[in-house]
Amino acid sequence: MEKYDIVIIGSGLGGLVCANILSGEGYKVCVLEKNAAFGGCLRSYLRKERIIDTGIHYVGRLDDGQILNQYFKYMGILDRLKLKRLDEDGYDIIRLEDKEYRHAMGNENFIETLSRSFPREKENIRRIITQFHEIGNLIGVETLRNRHLFSSDALPYFNCSASAFLKENTNNQTLRNVIAGATILSGGEEENTSLYTFSTILNSNIESSYRFIDGSQQIADLLIESIRAQGGVVRNRSEVTRLIVDKNRITGAEINREEYMEGDSFISGIHPAALLNILDKTKNIKKAYISRIRSLRNSSGFFTLSLLLKKNAFPYLNRNYYYFDENNPWIKPDYARHGKRKVFFCTSASSESEAYTRVVQILEPMYWSEVAQWEHSTIDKRGGEYEAFKRRRAEDLVNDIERFHPGLKDAIEDYDTSTPLTFRDYTGTREGSAYGIIKDCNDVLTCLLPVNTKIPNLFITGQNNNVHGMIGVFLTAMYTCSEFLGTQYLARKVANV
């Protein structure tokens, strides 16, 4: 029977980053993944020889000297990533009420570009973007050089509403909604999104925006290669079905209800509610805590339409598009009943061709309630009613998008669809949520979870702890690892790469 220093549950970004750091520091590490494929939201899959991404469509702050660049450099994989920098003059195109607006790269460029659409609002735009920049830099390389992973100056912004901040700084509703135009791809709800979350994500993309050529699976593959080269173990088809507790410490993990693995410490990268389901009862985990975790609301999922296109039939577009049927980009909890469409559209970057794309992805928010009637079904066995539901949604989306991209319909060879059910079954996320627990600025103490737990050798990591998105998950993984290595030591190592 194998025994490890650290057993990590889940091979999403958080789990793999922790495994890479800790195995590199000499810990004997094992990552356990219940699915056949590794990577969680990083996962890409093949359909008719086309690469389709599951959850990562573009990322920010990857230029030299920026924080995600530094993280990847520290992981030892930066120079092997295949990256495509998006258009500086408009990495995101926001279409509200039949008019297009651009999110441009670089703070000054963003301000100048948006001011051309709102000339009387230039000083307000500058004030808003300057504040976002200051908040975003609280997670930065300079913070690492000061031997911190995260500046405590950011804490007050967790309690501030992003929507309220925008209203305080401009009376122009359309301008506010243009600035918030990309919020559907971060699960943004107007009533609860914090200024910290909103600023960190938007500033990240303004600083620099990139796509992954040939899919984001490459990140998981490179991290796993590095973990194994450092002596770590990464296993698939290895579901942790029980965590055994003795005298308030976890002594081992049951795998697939048949195998037992011992460990000195355990890190969970799965949803906290799913963790509670496999954890033995212990007096240190109070009923109030269990009730609190299970009552937390999850962010929306997506209906995703992946169009497989004919060769050389549709151009590669080096930017993203957001389309709205109304002058309001925020996701509503009752989105299915609201009736107004909010859509994200992008073309996938491929090494096969720079001029044309073979995959277009169209995403629309979708809450669990829309697919809950099929929740007890399994993949490919959900029945004709479910397939008809997806087909109608796909046809409606294509008809809508054809208005903005004429010729798209004629370029389609085939298509693939997914819902929160798909996301739940392939990535293990609760209710198919794309971004995990909602971090509600009105109730921060309830929904922000520390990386350590009441069980001294159990830690958590991933998007449910901090800001979601790649930078947020990296930061949380750093915090989790600092419980073993020390904050100052780890910050210094990352900064000095």
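Key figures
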{"read-out": "Within the stretch 238-318, strands (runs of 3 or more DSSP E) holding 1 or more residues that are more than 14 Å from residue 7 (Cβ to Cβ) and modelled with pLDDT of 90 or more", "value": "240-246, 301-309"}
{"read-out": "Test result for residue 292, touching a residue at least 40 places away in the same chain (Cβ under 8 Å), under 23 Å from residue 185 (Cα atoms) and under 26 Å from the mean Cα position of the chain (by Cα)", "value": "no"}
{"read-out": "Residue ID - nearest to the chain's Cα centre (by Cα), chosen from residues in the stretch 262-285 that are within 15 Å of residue 15 (Cβ to Cβ) and among the hydroxyl-bearing types (Ser, Thr, Tyr)", "value": "268"}
{"read-out": "Scan of the stretch 347-364 for residues that are of a type in the set (A, V, I, L, M) and in contact (Cβ under 8 Å) with a residue 60 or more places away in the chain, ordered by number", "value": "349, 359, 363"}
{"read-out": "Evaluation of residue 412 against (1) touching a strand residue (DSSP E or B) at 6+ places or on another chain (Cβ under 6 Å); (2) surrounded by 20 or more Cβ atoms within 10 Å (Cβ to Cβ); (3) within 27 Å of residue 324 (Cβ to Cβ) (one fails), failing number", "value": "(2)"}
{"read-out": "Residue 19 vs. criteria of a type in the set (A, V, I, L, M), crowded, with 24+ Cβ neighbours inside 10 Å and not in a strand (DSSP E or B)", "value": "yes"}
{"read-out": "Listing of strands (runs of 3 or more DSSP E) fully contained in the stretch 30-135 that carry 1 or more residues being free of Cβ contacts under 8 Å to residues at least 40 places away in the same chain, among the hydrophobic types (A, V, I, L, M, F, W, C) and surrounded by 21 or more Cβ atoms within 10 Å (Cβ to Cβ)", "value": "none"}
{"read-out": "Subset of the stretch 236-261 that is closer than 25 Å to residue 220 by Cα and polar (S, T, N, Q) - its residue that is nearest to the chain's Cα centre (by Cα)", "value": "236"}
{"read-out": "The stretch 413-428 residues that are farther than 14 Å from residue 380 by Cα and outside any helix (DSSP H, G or I), paired with ones that are modelled with pLDDT of 85 or more and among the hydroxyl-bearing types (Ser, Thr, Tyr) (beta carbon under 7 Å, 6 or more apart)", "value": "415/306"}
{"read-out": "Some residue of the stretch 285-308 being closer than 30 Å to residue 27 by Cα and touching a strand residue (DSSP E or B) at 6+ places or on another chain (Cβ under 8 Å)", "value": "yes"}
{"read-out": "Counted residues, the stretch 321-372 - those being over 18 Å from the mean Cα position of the chain (by Cα), farther than 24 Å from residue 407 by Cβ and β-branched (Val, Ile, Thr)", "value": "1"}
{"read-out": "Among (1) modelled with pLDDT of 95 or more; (2) at positive phi, the one test that residue 383 misses", "value": "(1)"}
{"read-out": "Extreme residue, surrounded by the most Cβ atoms within 10 Å (Cβ to Cβ), among residues of the stretch 161-193 that are more than 19 Å from residue 125 (Cα to Cα) and either at pLDDT 95 or above or charged (D, E, K, R) (or both)", "value": "189"}
{"read-out": "Verdict on residue 393 being more than 29 Å from residue 10 (Cβ to Cβ) and in contact (Cβ under 8 Å) with a residue 40 or more places away in the chain", "value": "yes"}
{"read-out": "From the options 147, 237, residue that is surrounded by fewer than 17 Cβ atoms within 10 Å (Cβ to Cβ) and out of contact with any helix residue (DSSP H, G or I) (no Cβ under 6 Å at 6 or more places or on another chain)", "value": "237"}
{"read-out": "Residue check for residue 351: under 22 Å from residue 218 (Cα atoms), out of contact with any Ser or Thr (no Cβ under 7 Å at 6 or more places or on another chain) and among the hydroxyl-bearing types (Ser, Thr, Tyr)", "value": "yes"}
{"read-out": "Leading residue by the ranking (modelled with the highest pLDDT) among those in the stretch 440-455 that are assigned to a loop (DSSP other than H, G, I, E, B) and among the charged types (D, E, K, R)", "value": "454"}
{"read-out": "In the stretch 295-304, residue surrounded by the fewest Cβ atoms within 10 Å (Cβ to Cβ) [restricted to those that are farther than 13 Å from residue 365 by Cβ and in contact (Cβ under 8 Å) with a residue 40 or more places away in the chain]", "value": "297"}
{"read-out": "Residues being touching a helix residue (DSSP H, G or I) at 6+ places or on another chain (Cβ under 7 Å) and either of a type in the set (Val, Ile, Thr) or crowded, with 16+ Cβ neighbours inside 10 Å (or both) - total across the stretch 225-234", "value": "5"}
{"read-out": "Number of the condition not met by residue 234 [criteria: (1) in contact (Cβ under 8 Å) with a residue 60 or more places away in the chain; (2) assigned to a helix (DSSP H, G or I)]", "value": "(2)"}
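Condition check ((1) surrounded by 19 or more Cβ atoms within 10 Å (Cβ to Cβ); (2) of a type outside the set (Phe, Trp, Tyr); (3) over 21 Å from residue 49 (Cα atoms)) across all residues:
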{"position": "370", "(1), (2), (3)": "yes, yes, yes"}
{"position": "378", "(1), (2), (3)": "no, yes, yes"}
{"position": "401", "(1), (2), (3)": "yes, yes, yes"}
{"position": "417", "(1), (2), (3)": "no, yes, no"}
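Residues are listed down the side, and each one gets a yes or a no for (1) among the polar types (S, T, N, Q); (2) in contact with a Phe, Trp or Tyr (Cβ under 7 Å, 6 or more places away or on another chain); (3) not in a strand (DSSP E or B):
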| position | (1), (2), (3) |
| --- | --- |
| 321 | no, yes, no |
| 328 | yes, no, yes |
| 340 | no, no, yes |
| 343 | no, yes, no |
| 365 | no, yes, no |
| 378 | yes, no, yes |
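The values are calculated or read from the model by the stated rules, or taken from the named source; none is laboratory data. Computed from a prediction, not measured in an experiment: that's the story for all the values here. A quick note on method: Cβ atoms are made from the backbone with ideal geometry, for glycine too, and the neighbour counts reach across all protein chains shown.
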